[in-house]
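The next block holds one structure in the form of structure tokens; read it before the comments.
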Amino acid sequence: MISGPPRRNALPQESCSLCGLPLGRRPVKGWINGREMLYCCPGCRAVYQILLARYGVIPEDPTRTELYRECLKAGIISGTESAQDNKISEPQGSVSPDSVELRLRVSGMGCPACAWLLERVLEKTDGIREVKVSFSSDKAKITYEPSRLSPKEIMAVIGSLGYQSFSEEIHEAGQESASRIRLGVAALITAHVMMISWALYVGFLEELSRDSVLYLSIPLLGLSTPVVFWCGLPVIRKGYSGARNLVPNLESLVGLGALSAYFYSLVQFLWRGLHLYFDTACMLITLVLLGRHLEQRARSSVGGDWLERMGAGHGKARLLERGSTRWVSTREVRKGDLVLVEEGEGVPVDGLVVEGEGTLDLSMLTGESKPVKLGEGEAVLAGAFLLKGCLGIQAKENGERSWLSSMASMVEAALSRPSAWERMADRISRWFVPAVVLLGAGTAIWIWAEDGLLEEALMRGLTVLVVACPCALGVATPLARVAAVGLGRKFGIYIRDPEVLEAGGKIQSLILDKTGTITQGVFSVQEVICFQENPELVLFRASSVELSSAHFLARKVVAFARGLSISPQEVKEFLEEPGEGVCGILEGVRICVGNRAWMAKWGLGMSEEQDREASTRESQGCTVIFVGWDGRVRGAMVLGDSLKPGALEVVSSLKDQGFEIWLVSGDSPGTTSWVARQLGIERFLGGVLPQEKASLVDRLSREGKKVCIVGDGINDAPALALAHLGISLGKSLGSPSTVASVQAARTDPWVILDVLEILRRARKTVLQNLVLSLLYNLAAIPAAMAGFLNPPLAVLAMFASSLTVIWNSRLLAKGTLSSHYPARMDAPG
């Protein structure tokens with residue numbers, strides 16, 4: 001167990017804990033097993049922690065270790081003169097244009113200081129511009145200059161410090177680097193091709209003779225050939241593959257346009273013609289490569305690397321065993337293990353705080369940046385960041401089953417599945433490409449037949465091919481989808497089903513679960529009503545049956561009983577029916593706890609007086625749970641709840657937007673009616689079973705309405721699965737989160753407005769992107785057929801349409817939400 005806040009040394013420390021040098025004016029602090037240690041520089045602190053993690057003890061003379069000598073040689077550990085200033089040199093500068101990125105997996109890191117050490121040593125290595133090493137995920141991202149350093153040399157530097165590195169992702173990084181090189185070469189050569197072509201277009205060299213044209217044509221041919229056949233090779237290869245399999249794609253049209261422009265110009269060159277469009281072929285390849293690069297940048301920008309950070313950002317845990325700690329992968333943490341989290345570290349597992357207190361940043365979970373204080377007995381989730389304090393956390397589940405990891409997997413799966421819009425765009429592209437080829441060929445034949453001008457006919461047909469490339473159509477939907485998912489994550493909203501991006505903007509009926517969604521769900525037992533029985537006996541038997549239930553009302557009953565020094569006992573043959581009640585056998589007696597339907601199901605009679613007493617409490621907005629045995633209802637417990645802050649405003653806003661609102665609950669009709677009146681909701685159902693909630697969704701759907709249901713409990717799962725849009729609130733990993741279309745980490749009512757706004761804006765963005773791309777083609781193709789465009793202008797017009805779609809998607813990703821949710825989100829738990 002941890003011993004609370006770290007303790008200071010009893011005696012003042014004057015020299016470095018590692019090297020023994022004077023501490024200087026600004027000593028560096030560190031904590032080892034709750035004891036404050038002082039060092040002359042960050043390097044000594046890192047080496048001390050690494051040696052302790054590797055060997056369990058500090059060597060008698062740590063300055064004689066290989067690690068110390070390597071760090072001293074690299075300048076990470078201060079010398080005698082520089083120790084007074086504690087200065088560690090900064091990275092060598094900003095990333096230069098010719099730098100490339102290398103991703104490595106590093107093994108052997110035993111503590112966070114290892115990552116710090118590797119970053120500092122690599123930053124000081126000549127040729128490396130930027131380094132980021134993650135201890136949690138065992139990954140390193142290094143930006144370096146290949147002209148000065150090779151990946152093998154970088155891995156050798158890592159190895160000299162006692163770590164091993166593997167180029168597990170070197171293939172992907174190499175592919176990305178090759179794409180950038182192709183783009184750079186294409187852009188550079190195309191710029192020269194355009195300058196030479198300018199002479200042919202505007203004739204600023206006076207009237208050109210055929211010999212002069214030839215002299216200009218030779219370098220155009222030489223320069224454009226590598227652009228088309230090397231830089232454009234991936235595009236041409238994909239296009240050929242699509243055409244060969246009778247599934248022509250975007251690359252098929254681009255490749256056909258570029259090759260047509262190149263070979264048309266080649267024929268003109270051989271015939272000493274003046275109409276050369278080598279620049280068109282180069283521009284088409286270059287702008288398509290640039291469009292792909294911008295698209296990838298846009299995807300990274302709107303989606304970011306948050307999936308990686310979520311899935312592996314807290315991949316290590318400090319396990320506390322028999323008074324000592326050791327770092328392990330979160331996959332090795334088992335339910336019940338004790339994990340220590342210190343200041344400045346991320347929480348690696350879902351669990352319960354058993355010792356200590358701290359201030360945490362929950363922004364990765366909820367999107368809310370305001371810190372939250374947690375102490376003993378409170379739940380905390382993986383992904384929270386400890387800003388201040390020290391926590392001992394008991395794992396609630398095995399390490400790999402955290403809520404955050406589940407959300408990461410869920411969203412990653414959603415991004416990998418094509419939506420209905422994308423399938424539609426794919427179908428359009430399949431017939432659009434051959435239609436454009438036929439249109440281009442038909443235009444050329446028509447012009448040739450009308451005017452007999454072969455050159456003009458070929459140029460007109462080429463222009464149609466180039467201008468009609470559906471680049472914008474191909475990225476219209478995927479970018480908008482990634483943008484919507486990224487925007488939702490910023491506000492603690494996780495979209496698991498991409499289909500809701502299409503259906504979410506057309507919702508008509510909204511079904512709200514009452515308890516935990518609109519009301520606090522923070523019940524407490526207000527009163528125990530007894531019908532000719534001892535109150536202590538009623539509470540003892542009720543709490544004993546509820547002891548085996550995980551329902552939040554059951555926990556409130558058990559807590560109330562224990563507060564009165566009543567100790568519940570385990571029952572036999574425990575049975576629970578969601579939305580109705582529980583029962584079990586105690587001391588040979590079957591005890592039932594639940595609602596009226598549950599009492600009737602077990603043949604437990606209720607008198608008119610008992611029903612009247614309960615109805616009076618329910619009309620006041622309270623929840624009544626009955627207790628019975630031996631054929632009769634013996635008592636009841638009255639629990640109170642209250643509306644969540646903002647519930648009235650949210651319902652009012654939903655009504656103003658024209659939604660048909662229903663309030664449903666497994667609670668009694670009287671209690672549900674009282675809450676509905678408070679909110680101004682006219683349609684409500686109380687005392688409904690999970691199947692009845694699902695039946696309501698089905699009935700509204702059969703009436704032709706798009707239905708959304710919002711819930712937070714296991715009894716909402718059937719309805720969530722049937723609805724067009726299911727929103728599950730809270731951080732449960734049970735049935736609601738697995739069947740809901742959208743999982744919200746927050747539980748405030750404002751999240752309902754946020755989800756609906758994100759889906760509405762996503763639908764609007766996708767439609768805008770599709771309309772823009774289609775309108776572009778509707779306007780550009782006739783213009784090309786009529787001769788108002790030439791191939792170079794067609795390429796620029798095609799590229800402009802793609803930029804418009806990318807820019808529109810970025811607007812969605814970078815935006816904020818108009819709903820005013822509270823500054824203080826609910827703490828996890």
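The values are calculated or read from the model by the stated rules, or taken from the named source; none is laboratory data. Given the structure is predicted, the values throughout are model-derived calculations rather than measurements. Positions of Cβ are backbone-derived with ideal geometry, glycine not excepted, and every protein chain shown enters the neighbour counts. Calculation scope for accessible area: heavy atoms of the full protein, side chains included, ligands and nucleic acids excluded. Shrake-Rupley method; radii C 1.70, N 1.55, O 1.52, S 1.80 Å.
Compute the distance in nm between two label points, each set 7 Å from the Cα along the Cα-to-Cβ direction, one at Arg105 and one at Arg334.
Placing both labels 7 Å along Cα→Cβ, they lie 2.5 nm apart.
Return the long-range amide H neighbours of Thr519 (sequence gap of 5 or more, or a different chain), with a cut-off of under 5 Å between placed amide H atoms.
When sequence neighbours closer than 5 places are left aside, the close amide H contacts are Lys644.
Is the C-alpha gyration tensor of region 644-711 telling us rounded, prolate or oblate? Criteria: a/c under 1.5 is rounded; beyond that, a/b larger than b/c is prolate, otherwise oblate.
oblate
Could you compute the FRET efficiency for Glu649 and Glu145, with r as their C-beta to C-beta distance and R0 at 41 Å, rounded to 0.05?
0.15
At 7 Å along Cα-to-Cβ for each site, give me the label-to-label distance between Lys388 and Gln569 in nm.
4.9 nm
Quick check: at a probe of 1.4 Å, how many percent of the accessible area of region 750-806 sits on carbon and sulfur atoms? It would help to have the intermediate numbers written out before the result.
On the way: 1640 of 2150 Å².
Here carbon and sulfur together make up 76 percent of the probe-accessible area.
Once the piece of chain linking Arg64 and Glu378 is laid out straight, how much longer is it, given 0.36 nm per residue of separation minus the C-alpha distance between them? Before the final figure, lay out each step's value.
Values: separation 314, 0.36 × 314 = 113.04 nm, distance 4.63 nm.
That works out to 108.4 nm of additional length.
Not counting ligands, DNA or RNA, and with a 1.4 Å probe, what is Arg326's accessible surface area in Å² rounded to the nearest 10?
110 Å²
What accessible area, in Å² to the nearest ten, does a 1.4 Å probe give for His275?
It works out to around 80 Å².
Rounding to the nearest 20 debye, state how big the charge dipole of region 665-806 is about its Cα centre with +1 on each Lys and Arg Cβ and -1 on each Asp and Glu Cβ.
So the magnitude is around 280 debye.
Report, to the nearest whole %, how much of the accessible area of region 512-653 belongs to carbon and sulfur atoms, 1.4 Å probe, protein only.
The value for region 512-653 is 49 percent carbon and sulfur by accessible area.
So what's the net charge close to Leu539: Lys and Arg +1, Asp and Glu -1, counting the other residues with Cβ under 15 Å from its Cβ?
So the surrounding residues net to +1.
For Arg331, Arg760, write out the residues from largest to smallest accessible area, computed with a 1.4 angstrom probe and no ligands counted.
Heavy-atom accessible area, descending, gives Arg331, Arg760.
Please list, in order along region 610-627, the HN-Hα scalar couplings obtained from phi with the Karplus expression 6.51 cos²θ - 1.76 cosθ + 1.60 (θ = phi - 60°), rounded to whole Hz, x for Gly and Pro.
Ordered by residue, 3J(HN,Hα) equals 5, 5, 5, 4, 5, 5, 4, 5, 5, 5, 8, x, 8, 9, 10, 10, 8, 10 Hz.
Using modelled backbone amide H atoms (1.01 Å from N, in-plane), which distant-in-sequence or interchain residues come within less than 5 Å of Leu23's amide H?
Long-range HN contacts for Leu23: Cys16.
Taking H as built 1.01 Å from N, whose amide H comes closer than 5 Å to the amide H of Arg129, not counting residues under 5 places away?
When sequence neighbours closer than 5 places are left aside, the close amide H contacts are Thr143, Tyr144, Glu145.
Just the accessible area for Leu246, please: 1.4 Å probe, Å², rounded to the nearest 10?
Answer for Leu246: close to 150 Å² accessible.
Report the gain in length on full extension from Arg562 to Ser241: 0.36 nm times residue separation, minus Cα-Cα distance, nm rounded to one decimal.
108.4 nm
I'd like the distance separating the alpha-carbon centroids of region 566-618 and region 479-498, in whole Å.
The distance from the Cα centre of region 566-618 to that of region 479-498 comes to 43 Å.
Cα-Cα over 26 Å: which of Lys132/Lys490; Lys141/Lys316; Lys556/Lys706; Lys29/Lys73; Lys644/Lys814? Working shown, then result.
Values: Lys132/Lys490 23 Å; Lys141/Lys316 18 Å; Lys556/Lys706 36 Å; Lys29/Lys73 23 Å; Lys644/Lys814 30 Å.
Where the Cα-Cα span goes over 26 Å, the pairs concerned are Lys556/Lys706; Lys644/Lys814.
How about region 628-717: which GluC sites (Glu not before Pro) there are in a DSSP loop, with at most 12 other Cβ atoms within 10 Å of their Cβ?
Sparse-neighbourhood loop GluC sites (Glu not before Pro): Glu682, Glu703.
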